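See below for the structure under consideration.
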Amino acid sequence: MGDFNILGIVGSLRRASYNRGLMRAAEELLPEGAALTVADISGLPLFSEDLEADAPAAALALKRQVREADAILIATPEYNYSIPGALKNAIDWASRPYGDNSFDGKPAAIMGASVGMLGTARAQYHLRQVFVFLNMHPLNQPEIMVPFAQQNFDAEGNLTNEKTREMISQMLQSLVEWSKRLSK
Ligand SMILES: Cc1cc2nc3c(=O)[nH]c(=O)nc-3n(C[C@H](O)[C@H](O)[C@H](O)COP(=O)(O)O)c2cc1C
């Protein structure tokens, strides 16, 4: 753990995911004193209110990680002009039961890569809307929306675009500063 602990959530379960590549780049570009842990959302069952009272271990673990984090960093693809079901499912689990939302008051930053020309813009703005009900505090800038991902990552999903790496570095710095301002 560092002085400032970020929890990363990747909205893609794909092995060579570009968005997982963005999160790996963030791990390499952390500011001094910051640490990044990436949550595993792949084992979460589909959310049902019937399961809430006796929530599965994976959901309780995610909630604990969210609660312990100083800030949240989400790297998400865009699926059908919105956020992927796996990401929404994870958010739903960690926000429930009503009155026990682990995201409450958390600062957050969003980045995303897609093969399309808008680089997840539509999904990111949907996610910002979700943040309203979660009472999260998203960083506004820089926005990181990587279009035409196949030109900016290698076959294993590693980010190869130097400019984007610089933007991620700036975003992480801004996220730390934003979180510290909020906690004053
Ligand atoms: C169900 C589905 C819907 C998609 N919808 C969009 C979309 O709305 N916009 C877009 O730019 N790309 C879309 N794509 C393509 C993704 O950008 C591409 O699959 C990308 O590699 C996903 O991110 P990942 O590499 O992190 O898994 C879609 C892909 C899937 C599987």
Response to the item:
Over segment 5-31, the set of residues part of a strand (DSSP E or B) and near the ligand (Cβ under 9 Å from one of its atoms) is Val10
Worksheet, complete the sentence: Those residues of segment 32-59 that are more than 16 Å from the ligand (Cβ to nearest atom), outside any strand (DSSP E or B) and surrounded by 13 or more Cβ atoms within 10 Å (Cβ to Cβ) come to a total of 8
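Restricting attention to segment 8-25, which residues are over 11 Å from the mean Cα position of the chain (by Cα) and either open to solvent by less than 40 Å² (accessible area, probe 1.4 Å) or among the hydrophobic types (A, V, I, L, M, F, W, C) (or both)?
Residues of segment 8-25 over 11 Å from the mean Cα position of the chain (by Cα): 13-18, 21, 24-25.
Scanning segment 8-25 gives Leu13, Ala16, Ser17, Gly21, Ala25.
Which of the residues spanning segment 150-163 are more than 18 Å from Ile6 (Cβ to Cβ) and not aromatic (Phe, Trp, Tyr)?
Gln150, Gln151, Asn152, Asp154, Ala155, Glu156, Gly157, Asn158, Thr160, Asn161, Glu162, Lys163
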Worksheet entry | For Pro31: the one exception among (1) touching a residue at least 40 places away in the same chain (Cβ under 8 Å); (2) within 17 Å of the chain's Cα centre (by Cα); (3) under 27 Å from Ser169 (Cβ atoms) | (2)
Item to complete: Kindly indicate whether any position in segment 73-91 is more than 10 Å from the ligand (Cβ to nearest atom) and more than 20 Å from Met23 (Cα to Cα).
Response: no
Response to the item:
Restricting segment 65-92 to residues that are of a type outside the set (Gly, Ala, Ser) and in a strand (DSSP E or B), the one surrounded by the most Cβ atoms within 10 Å (Cβ to Cβ) turns out to be Ile72
Fill in: Gln150, sole failed condition from (1) outside any helix (DSSP H, G or I); (2) within 16 Å of the ligand (Cβ to nearest atom); (3) of a type outside the set (Gly, Ala, Ser)
(1)
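The values are calculated or read from the model by the stated rules, or taken from the named source; none is laboratory data. Note that the structure is a prediction, hence the values are computed from the model and not measured. With ideal geometry, Cβ positions are generated from the backbone for all residues, glycine too; neighbour counts draw on all protein chains shown. In case anyone asks, the SASA skips ligands and DNA or RNA and just uses the protein heavy atoms, side chains included. Shrake-Rupley method; radii C 1.70, N 1.55, O 1.52, S 1.80 Å.
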